[in-house]
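Note sheet for the following structure.
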Amino acid sequence: MTHTELRIALLTCGSLTGKAYAENGDYWDVYSKFMHDSCPAGTQFKFEPFDVVSKMEYPSSQDEDQYDCMMLTGSAASAYENLEWINILVDYVARIAESKPNIKLIGICFGHQIIARALGSACVPNGGKWEVGPTPIHLTDLGRRIFGSDKDTLTIQQMHRDHVPSVPPNFHLLASTAITPNQGMVKFLGNPPLDDKTSSNLPPIQIITVQGHPEFTESVVSAIIEQRAASGVIDSEAAQDAEKRRYWKTDGIDVFGQILWDVILQAKHKAALTS
């Protein structure tokens, strides 16, 4: 198969409302901007949205193999809820991961949790503890290798009170915080052993997820915090703590965006070699 451009399916699992929507558009607008702003020079791609919530729409079975990547967004819903659209999404992700390993899977926040549930772990409430705003996450040795970081931490926007307590089978942990032990995980294509713990030459990645929101800007997060704090969904202590970090620089585009593109481009490079 010859690629003239990359095709990425955005499985849209929620929407923005209120001030966040008024100032930034919906998830489609936020993710489109993130992908364009972090896109390597010369890369052409087609970004296609699928409403998996109200329309329960997905790429057709005849068209699936034309996609290089499927990306799952965040959501105000909880990944453990017994709702029809969530159960369908879990089953879909499990099928794609098992039968279409050539398609990269990327999960953001709720998407991270759905992938964990689909592939053998769980998503659970985190005792009512919110993690919001710019937050340092502590990288594992593998996390440092993948993110190419000489630092022990990276900073990413957060907006969650559910979490994935452990990695599914054949996944590897990338980062953690005191509140959330699984801040991201990765599965390598074919599940090879990782014998060399120092080499930067890692196997191709099939699935990568992050609990945080690399695509969210200060404007998006501040508006969501304001809205949820006003309604009592986010407690005042968490909101006030996030306000202290409101303008911290995050690594969303420069680090996380770059790595997500590196993963997606692996599919294109492989296809080019075999076409």
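Nothing in this text is a laboratory measurement; each read-out follows from the coordinates by a stated rule. Quick caveat, the model's predicted, so the values are computed rather than measured. Virtual Cβ from ideal backbone geometry, glycine too; neighbours counted across all protein chains shown.
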What does the charge count around Pro168 come to, taking other residues whose C-beta lies under 13 Å from its C-beta (Lys +1, Arg +1, Asp -1, Glu -1)? +1
Mean shadow area of segment 49-174, taken as a quarter of the surface of its Cα convex hull (nm²): 8.6 nm²
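Could you give me D for segment 117-275, from Stokes-Einstein at 25 °C and 0.890 mPa s, where the hydrodynamic radius is the Kirkwood radius over C-alpha pairs? Units µm² s⁻¹, please. Intermediate values should be presented prior to the final figure.
Working: Rh = 16.8 Å.
Once the numbers are plugged in, D ends up at 146 µm²/s.
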Have a look at Thr177, Thr153, Thr43 and tell me which one the Gaussian network model of the chain (Cα, springs below 10 Å) gives the largest fluctuation. Thr43
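By the scheme Lys and Arg +1, Asp and Glu -1, what is the net charge of all other residues having a beta-carbon under 12 Å from that of Ala20?
Neighbour charge sum, excluding Ala20 itself: -3.
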Taking placed amide H atoms and a strict 5 Å upper bound, the residues 5 or more places from Ile234 or on another chain that come that close are Ala229
25 Å Cα-Cα threshold exceeded, pairs from Lys104/Lys129; Lys33/Lys129; Lys187/Lys249; Lys151/Lys249; Lys55/Lys187: Lys104/Lys129; Lys33/Lys129; Lys187/Lys249; Lys55/Lys187
Only loop residues by DSSP count here, and only those with at most 16 other Cβ atoms within 10 Å; note down the chymotrypsin sites (Phe, Trp or Tyr not before Pro) in segment 51-132 that meet that. Tyr80
Which cross-chain or sequence-distant (5 or more) residues have an amide H under 5 Å from the amide H of Leu16, H modelled 1.01 Å from N in plane? Tyr27
Nitroxide proxy distance, nm - points 7 Å out along Cα→Cβ at Asn82 and Asp65: 3.8 nm
As a check on your grasp of the helix formula, calculate [θ] at 222 nm for the chain: sum -39500 (n - 2.57) over DSSP H runs of n ≥ 4, divide by the residue count, round to the nearest 500. -10000 deg cm²/dmol
Bridge orientation stat for segment 1-134 from DSSP, antiparallel percent rounded to 5, came to 0 percent
Looking at segment 174-235, which GluC sites (Glu not before Pro) are in a loop (DSSP not H, G, I, E or B) and have at most 13 other Cβ atoms within 10 Å? none
Under a GNM of the chain (C-alpha, springs under 10 Å), which listed residue has the highest mean-square fluctuation: Ala77, Ala223, Ala242? Ala77
Would you look at the GNM of the chain, springs on alpha carbons closer than 10 Å, and say which of Lys187, Lys100, Lys244 moves the most? Lys244
